[in-house]
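Worksheet: one structure, shown below.
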Amino acid sequence: MALIKNNKNNAIHESDHALQKRMGIREDEYLLFAQGQAETVWVVDPAEMKFLHIIGTDTGLRGFTAEELAGASLREQCTPECYRKAEGIFAEELARFYNGERIYRTFDVDMYHKDGSVVSKEVSARFYREKSGEIRIIGISKDINEQSKTLEPTDIKTQLILQLEQALAERDNLLKENKVLMGLLPICASCKRIRDENGKWWRVEDYISSRTNANFTHTICPVCKDNLYPELKK
C-alpha cells in the first residue's frame, strides 16, 4: 500500500560513481562508505515504496548493482515480515512529518541478498520534502554483523543524511537555473532588456541574477574599448 499518492516513476539508473558526482557528494565523503562508516545511502519514493537513488559499497548493495536497485521495490527487497514492519514505521513517521517533526528513525530490517540469502541491516531514515514539493525518505543502512565489529557514531549517520539531503536540494536548484537559461527569452533588439512572463522588462544582469546564483562583474571588451577610447588604440 502506498503511503501517499504519486503517479510518477522517477527511478534513475546510474553507476555509483556517476550518481555520487551528480548529487554533489565529495570524494572524501564517498570514501566513508568504503571505510565502513555507512554501507549505503539511499532515497525512497514513499508513494511507490521504490528506491529512487542509491549509492554504496558492494556489501551494502547485497550483491546487486546500483542500476539493478534503482527503481526496485522495497517489497521485493525485504522479507514479508520486515516489509510490513517498515511500512508501518514509515506510516508513523509520515504522520509526524506532517505535524512538523523531523526525526531520524532507526530500526533493523532483513533484506534479500542477490544469492537468495537474508542479511540484517540497521536503517536510519527520515522524511523530507524536495523543492518540487515531492516527499521523499532519505536514509543510510549498515550491516548489523559489521556493526558489531565497529561501532558507528550516531552523529556520523546524521551528518551523512544531511549532506545527501543538501546535495539533492542543490541539484533541484541547478535544474531550476538551467530551465531559466535554456528557454527562449524575448529580448529587445535595441536596449537588450529581457521581458519576463509578467511583461516586465529587465536588464540582462538583473534578469539572470534574480533567477540564478550568478553574479556579474563589469569590464570592457576590446571592440568597445576601441570605439569608446580610440586614443588608446594601438
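Listed values, structure above:
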{"quantity": "Residue in the range 149-167 that is in contact with a strand residue (DSSP E or B) (Cβ under 9 Å, 6 or more places away or on another chain), more than 22 Å from Ala95 (Cβ to Cβ) and either acidic (Asp, Glu) or at pLDDT 80 or above (or both) present", "calculated": "yes"}
{"quantity": "Residues of the range 56-80 satisfying the condition of being at pLDDT 80 or above and either of a type in the set (A, V, I, L, M, F, W, C) or surrounded by 22 or more Cβ atoms within 10 Å (Cβ to Cβ) (or both)", "calculated": "Leu61, Arg62, Phe64, Ala66, Leu69, Ala70, Ala72, Leu74, Cys78"}
{"quantity": "All positions within the range 191-218 that are of a type in the set (Val, Ile, Thr) and at pLDDT 85 or above", "calculated": "Ile194"}
{"quantity": "Matching entry among Glu39, Glu122, Glu93 (being surrounded by 15 or more Cβ atoms within 10 Å (Cβ to Cβ), more than 21 Å from Leu168 (Cα to Cα), touching a Lys or Arg at 6+ places or on another chain (Cβ under 8 Å) and at pLDDT below 95)", "calculated": "Glu122"}
{"quantity": "Selected residue (criterion: surrounded by the fewest Cβ atoms within 10 Å (Cβ to Cβ)) from residues of the range 199-234 that are within 13 Å of Leu185 (Cα to Cα) and without any contact (Cβ under 8 Å) to a residue 12 or more places away in the chain", "calculated": "Gly199"}
{"quantity": "Test for Pro46: is it in contact with a Lys or Arg (Cβ under 9 Å, 6 or more places away or on another chain) and not charged (D, E, K, R)", "calculated": "yes"}
{"quantity": "Residue within the range 87-95 that is closer than 20 Å to Thr40 by Cα, touching a residue at least 40 places away in the same chain (Cβ under 8 Å) and either in a strand (DSSP E or B) or of a type outside the set (A, V, I, L, M, F, W, C) (or both) present", "calculated": "yes"}
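The values are calculated or read from the model by the stated rules, or taken from the named source; none is laboratory data. Keep in mind that this is a model prediction, so the values were computed, not measured. Backbone-built Cβ (ideal geometry, glycine too); neighbour counts: all protein chains shown.
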